[in-house]
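To start, the structure itself, in structure tokens.
Taken together, the values in this text are just the output of simple stated rules run on the coordinates, not laboratory data. The shown structure was predicted, so the numbers you read here are calculated from the model rather than taken from an experiment. Every residue, glycine among them, receives a Cβ derived from its backbone with ideal geometry; neighbour counts consider all protein chains shown.
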Amino acid sequence: MSRRGRGRRKRDFQREILPGLVTLSRVEVTEDFQTFEELMKGEEGSTRPGRGRKRLGGRITSPKMKALRPTRAKQGPPVCQLEERSLSGWGKRTRRLPRQRCANAIISYPLHACVITQGLEQNTFLGSKLLNSFAKFDLLTEAKWVFNKINHDNLSLWNSIIVGYFRADQYSEVIGLYLNLRQKNIGIHSSAITFALKSCVELGTSEFGRNLHTDTFKFGLSHNQFVGSSLIKFYAQCDQIGEAAKVFDEMTERDVVAYTSMVTGYAQVSDRQTNKAFRIARDMQKDGLEPNRVTLVSLLQCASRLGAIEEGKSIHGYAFRRKIGFLDDVFETSLLDMYIKCGDPYSGAMIFGKMSEKTTGSWNALIAGHLQLGRPSEAFNLFREMVNECELDLIALANGLLICADLGYLLIGKSIHCHILREGVHLDLVGTTSLIDMYSRCKHLSAAMNVFYRTEDKDDALFNVMIAGYLHNGCVYRAVETFQEMVTMCVRPNTGTIISVLCALSDMKTIRISKSIHGYLFRQGLEANTDISNQFVNMYTKCGSIDCARRVFDKIKSKDRVSWTSMMTGFVNHGLADEAITLFLLMQRENLQPDCVTFTCLLQTLNQLGFVMLVKEIHGRLYRLFLERDITLMNSLVTIYSKWGKFEMARNLFEHMAEKHLSTWNTMISAYGMHGEFNPALKLLTQMRKDNIAPDGVTFKSVLSACSHNGLVEEGLYVFSSMEREYGIVPSDEHYGCIVDLLGRAGRLQEAYDILEHVPSRRNASNVGALLAACRIHGNSEMGERVGQWLLDVDPENASVYCSVSNLYAGGGRWDEVARIGDITKGKGLKRIPGFSRIDLN
């Protein structure tokens, strides 16, 4: 073909075909596909020597080609219908092509062939359309080929290729393309920075994102609304809400997107800053901008986290007046979630009942809300309804397992597990964690261990729930071993895991392991956490190392109320009441308001010191702080008043209590027993039965103690026999000790001796010691020698035991045995701790 013919053919292509390609879209190519197939197969053309490529021959006269003229083509079905799928954990939508994508997207290939055969592969305008077409169909290789053939000084082409790679989840390629664009020195468009920032969020590269922030100033884009909104989202998702606020304050022109991004950022941070979202919303309205659906959803999330029911109702009313969010499942689910988490399940149920379409997400929100409110029975009934109404997703299955864990429904939990296995559901870490928690709390530890060790990818939450399961079932050593396994696998423990392990070490009371874990946490830089340090204080005090606890306490930089209370409790438990008082005065100097636990610890301190006047001052302060309804505090006051001779005050306090728990009744019965008032104690026991309050072991111990102090043997034996017969309570060692003491005081030594002889498991130091004292008082040295040998066998490392046996021999004039006992005591290095008494001079 001559050069003139080729030039004419090129002009015809640009005049007739090119306008049709420009307007070509996804919804207009189905019919044209067949036309291009005919074009590629039926048109006559010449073949170059050495090439196997056909060229277009003459002028295009096919009637179907007329559809490619600038007039709008008749719309057919969309060639590529995109389906949307939610990514769990991110709350965004991602676009994926269906399986028939290849069959439909192939239309881009003949178009590309036409461009190449006409020598237009370097045409910027046409190339941008092809690049967009390939990018939309995730044909990134072809898009990159077209991009490389075009002049690279066009910013729109760079934007197109960056957007294409971002939509295909190729975030590293996006960053690489941005760096190449910077090297070109042709400028930066706002969309390039926007998608580069989004890629940084996906990749977790916050440092590169800060460099992008610097580029916005270099290229004069710092005041661009789109860039500003993207920077706010970037910093918010990187947990740098302070930087996001700076970007927001520097924006001269703010639109709805910028305000919404800032509100959403505050909705994702800690509760201390969440309330700032409402201030941003007020400023938004002052600027004449109205919140949209996304803004309101974020504000509802803030209200849910803060429990701000009034603000939540205001948002609801605003949306109702402006008809925003109705028939929108995301908004209605957020509204439902807000009411449930703010403690108003009735309003949440009304929202749920009025929803036109109850989605799986709305069911999950309603069930999860009832679980958080401590209503597992209602959550279980809702879960049963959900099974019949819609399909269960992973969140629904996890909620069902948590319900079974709360209610102890092992069989139903197993049924859910079987459903998961039958349906081939692949549980994520949240579902696996719920499954382990269900088995652990339902006392099926072997099944929990099986699920745990079959899980390949274990995170800190999975280890945490397994450690908590071991502790719940009393396997303290296994909990510590699991923590060691966690450290070996280089899984960094979270605060919850560490606190659970430290609680286990407190129960084990092994100072060596405690110090080794303390060293590990110190090397990891976790000792600075106040919650962890508080648990260290508690652990060391329970392990008997009060000096280590004090050193940890002194190193805490930000001491909270728990820090002071934990250290005070440690001093009280070690008999260092003076130190606890000093610590309380220092706490007052720090302007920290004591809570109920602090006051309870302070009352125990004053009880040790016998300062009744100070107890009265604390009593008055409790009324000024409206803490008189706290059961533990009132029980402590009753105990102290009765112990230090203020029995009338104790009884008056008990009678005027608005609410009495079982512990309150036990405290008063114990006070009556301490003062030898058996009949009032028995009346209280009868009154408990009338009020439908079931007594426990502590109640009967107090009643038996009252019988013992009054010498009421028959009454005591009757109460003892009625424990298991009428109340189903199996007597413990303490109850047997009360009976031994009761019989011993009455001189019925043989009966007391027979109890301990026939039940060797009941021989502890307290019970045997009570019988030995009775033998010494009643002069039964023969029985006393046998009981004394029992006592030495039960507690051989207690100096008081040897003293009691020595006194028995001394009473019988057996001084050689007294000398022998003294030599044994000296050989073991045992020393008796001297007693002391306190009196209140006021």
Hull-based mean projected area of region 462-607, where the convex hull spans the alpha carbons, in square nanometres: 8.7
Hits among aspartates and glutamates - C-alpha to C-alpha of residue 414 under 15 Å, sequence gap 8 or more where chains match: 406, 423, 437
Label-point separation, residue 473 to residue 586 (7 Å along Cα→Cβ), nm: 4.3
Region 784-824, Rg to Rh (Cα coordinates; Rh as Kirkwood inverse mean 1/r): 0.93
Residues residue 698 and residue 418, FRET efficiency given R0 of 41 Å [Cβ-Cβ distance, rounded to 0.05]: 0.45
Linear extension gain, residue 819 paired with residue 459, 0.36 nm per residue minus alpha-carbon span: 123.2 nm
Principal axes of region 511-567: Cα extent on each, largest first, Å: 27, 25, 14
Range of Cα positions in region 633-728 per principal axis (Å), largest first: 34, 29, 17
Scaled radius of gyration (Cα, divided by 2.2 N^0.38 Å) that region 152-228 gives: 0.99
Residue pairs, from the table 246/557; 184/218; 515/557, whose Cα atoms sit over 19 Å apart: 246/557; 515/557
Shape category assigned to region 343-393 from the gyration tensor of Cα positions, a/c cut at 1.5: oblate
Peptides ranked, highest mean first, by Cβ atoms within 10 Å: ranges 630-639, 807-816: 630-639, 807-816
Within region 517-539, backbone nitrogen closer than 15 Å to the virtual label 7 Å beyond the Cα of residue 485 toward Cβ: none
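Mind ordering 488-494, 246-252, 469-475 by average Cβ neighbours within 10 Å, highest first?
Going from most to least packed, we get 469-475, 246-252, 488-494.
Can you tell me the order of 511-524, 359-372 when each peptide is scored by its average per-residue count of other Cβ atoms within 10 angstrom, highest first?
Numbers: 511-524: 14.7, 359-372: 21.8.
Order by mean packing, descending: 359-372, 511-524.
Sorting 253, 579 on the 10 Å Cβ count, fewest up front, what's the list?
253, 579
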Listed residue pairs exceeding 18 Å between alpha carbons, taken from 341/458; 509/542; 313/358: 341/458; 313/358
Those trypsin sites (Lys or Arg not before Pro) in region 555-653 that DSSP places in a loop and that have at most 16 other beta carbons within 10 Å: 557, 629
Interchain or long-range residues, amide H under 5 Å from residue 592's placed H: none
Computed label-point distance, nm, for sites residue 781 and residue 658 using a 7 Å Cα→Cβ extension: 6.4
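With only alpha-carbon atoms in the gyration tensor, what are the semi-axes of the equivalent ellipsoid for region 468-541, in Å, largest first? Write out the running numbers ahead of the final one.
Working: eigenvalues 57, 45, 25 Å².
In descending order, the three semi-axes are 17, 15, 11 Å.
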Cα-only Debye scattering, region 282-377: base-10 log of I(q)/I(0) at q = 0.10, 0.11, 0.25 Å⁻¹: -0.25, -0.30, -1.38
Alpha-carbon centroids, region 237-258 and region 668-682: separation in whole Å: 68
Under the Karplus curve 6.51 cos²θ - 1.76 cosθ + 1.60, θ = phi - 60°, whole-Hz ³J(HN,Hα) for region 411-420, x wherever Gly or Pro sits: 5, 5, x, 5, 4, 5, 4, 5, 4, 4
Total charge dipole magnitude, region 254-354, about the Cα centre, Cβ charges on Lys, Arg, Asp, Glu only, Debye to nearest 20: 220
Added length on full extension, which subtracts the Cα-Cα distance from 0.36 nm per residue, residue 225 to residue 721: 170.3 nm
Inter-label distance, nm, simple model (7 Å from Cα along the C-beta direction), residue 593/residue 687: 3.4
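What is the extension gain from residue 826 to residue 765, computed as 0.36 nm multiplied by their sequence separation minus the C-alpha to C-alpha distance, in nm to one decimal? Write down the numbers at each step before the final one.
On the way: separation 61, 0.36 × 61 = 21.96 nm, distance 2.07 nm.
Fully extending the segment from residue 826 to residue 765 adds 19.9 nm.
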